[in-house]
Amino acid sequence: MNTITNRFVAAERALRTAAPHQLLDAVRRVLTDQYAADSVELFLADYGLTVLQPVSVLPHTLRPVSVHNSPAGRAFGAQEPYVEDPSGDLVRVHLPVTVRGDRLGVLTVTLPGGEHAEGCLDELAEIAEVLGHEVVVAERDTDLYLQARRRDRLTLAAEMQWQLLPGRSCARPEYELGAQLEPAYAIFGDNFDWSASADRLSLYVTNGMDEGMEASLLTNLAINALRNARRAGLSIDDQAALADQAVYAHYRGRCYLSVLMLDFDLATGRVRAVDAGSPQMLRLRGGGVERVPFEAQLPLGMFEETDYVVQEFDVEPGDRLVFVSDGVYDVASPGGEAYGDAALARAIQSTRLLPAAEVPRAVLREVRGHRGRSTQDDDALVVCLDWRGR
């Protein structure tokens, strides 16, 4: 037990003291010395959630691996360690790298097989978790991990949008959240944001206006105005009013922003909502899917000094809430048929067994099939919330 504790502490210390750009080198050294690892590689999920990109010095020497049909992708999707060929002399262990439910990637370690690999699997899983935390911290000081996530070049507007986001998934005992944006490398103005305290969860789903840099600048202004108001302790209706004033003061009504704002009481499941525009919410409860209507109010920044009214509803343990932008429900097929509520309800039903973090990607895959062409005319945003309650 002492040996196990000492080698884990050595691994943790090596990661915490490594330079931000040398985390992989540090984990390689300690896993080689303390766990007899033959090789160690770190893969991070790309922005489109289609491949796991290797972390290495540019130009990359390793090939990306698929999220959908690879051993590393299996560990990423299931969020469980996966051991390849456990009976061999050398085995490859794939370990999810995740921080508070936010799925970053996979740590792949080649080890001597048999009892050795089996005996240190739990420790390696913990080391992968520590590595994930250190990657998140290191991103403040190095571009290495952000560069590694890129399968293609991001547009400037997309760069600004991804930097504005809180993450793509998170988990707490009361809920799980997952979200995804498309086109991942060229998004404009759609956005999501969340923040949790001991007692409450704030969730914003934003449907942007305009294209390219103009859309990104508008969304950046509105989201930061909402965050500023939230961090001042204001209620969501006052948050909406303050952001409305900030957007109107800059654009004078030429541009505005649609946002659905929700404030969850984690103890009771009571939700306070402000619907300022077009994002829609559908609820899966008891096997049935229904759209939850809200009283439509004016988008942020359309007119000066708009008053916003809070509506309330309850969520129950087992509820799944799915939020979508108009780039999902309005997307047209080659024949001109809109995707609509019926197709969206079928997509939500067909993904009901997936975890919340996997649902947005699966729904957007259904939307791509309906669109029937590779190019997108508008951003598409899906957010999924699974409510467990206390």
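Is the stretch 107-181 best put as rounded, prolate or oblate by its Cα gyration tensor, with a ≥ b ≥ c the root eigenvalues, rounded for a/c under 1.5, and otherwise prolate when a/b is larger than b/c, oblate when not? Present the calculation step by step, with values, prior to reporting the outcome.
On the way: a/c = 2.61, a/b = 1.71, b/c = 1.53.
Prolate, because a/c is 1.5 or more and a/b exceeds b/c.
Would you mind putting 8-16, 92-100 in packing order, based on average other-beta-carbon counts within 10 Å, highest first?
92-100, 8-16
Averaged per residue, what accessible area in Å² does the chain show with a 1.4 Å probe, protein chains only? Could you put the intermediate results ahead of the total?
Working: 17190 Å² over 390 residues.
Counting only protein heavy atoms, the per-residue value for the chain is 44 Å².
Counting Lys and Arg as +1 and Asp and Glu as -1, what is the net charge of the other residues whose Cβ lies under 12 Å from the Cβ of Gln79?
Values: positive: Arg74, Arg103; negative: Glu80, Asp102, Glu129, Glu176, Glu358.
That sum, taken over residues with Cβ under 12 Å, equals -3.
Net charge around Leu164, counting only other residues with Cβ within less than 12 Å of its Cβ (Lys, Arg = +1; Asp, Glu = -1)? Please list the in-between numbers first.
On the way: positive: Arg227; negative: Glu159, Asp190, Asp193.
It works out to a net charge of -2.
Looking at the stretch 108-150, which trypsin sites (Lys or Arg not before Pro) are in a loop (DSSP not H, G, I, E or B) and have at most 11 other Cβ atoms within 10 Å? Write down the numbers at each step before the final one.
On the way: sites: Arg140, Arg149, Arg150; in loops: Arg140, Arg149, Arg150.
Answer in residue order: Arg140.
Which helices of the chain meet both criteria: a Cα extent of 15 Å or more along the helical axis and a mean Kyte-Doolittle score no lower than 0.5, with helices taken as whole DSSP H segments? Show your work: numbers first, answer last.
Details: long enough: 2-17 (22 Å, -0.34); 23-35 (17 Å, 0.01); 121-138 (25 Å, 0.94); 212-231 (28 Å, -0.03); 236-251 (22 Å, -0.11); 340-350 (16 Å, 0.25); 359-371 (18 Å, -0.65).
Helices passing the filter in the chain: 121-138.
Can you match semi-axes √(5λ) of the Cα gyration tensor in Å to one of these, [x] 39, 22, 21; [y] 33, 25, 20; [z] 30, 30, 19, based on a calculation from the structure here?
Only one listed value fits the structure, namely [x].
Picking from Asn69, Asn191, Asn228, which is most flexible by a Gaussian network model of the chain using Cα springs under 10 Å?
Asn69
Summarise the accessible area of the chain (1.4 Å probe, protein heavy atoms) by the percent that is carbon and sulfur.
Numbers: 8330 of 17190 Å².
Accessible surface attributable to carbon and sulfur in the chain totals 48 percent.
Within a Cβ distance under 11 Å of Cys255, other residues only, what is the Lys/Arg minus Asp/Glu net charge? Write down the numbers at each step before the final one.
Details: positive: Arg252, Arg254; negative: Asp210, Glu214.
Net of charged neighbours comes to 0.
The values are calculated or read from the model by the stated rules, or taken from the named source; none is laboratory data. Keep in mind that this is a model prediction, so the values were computed, not measured. We place every Cβ from the backbone using ideal geometry, glycine too, and count neighbours over all the protein chains shown. The area values use the complete protein model at the heavy-atom level, side chains included, leaving out ligands, DNA and RNA. Shrake-Rupley method; radii C 1.70, N 1.55, O 1.52, S 1.80 Å.
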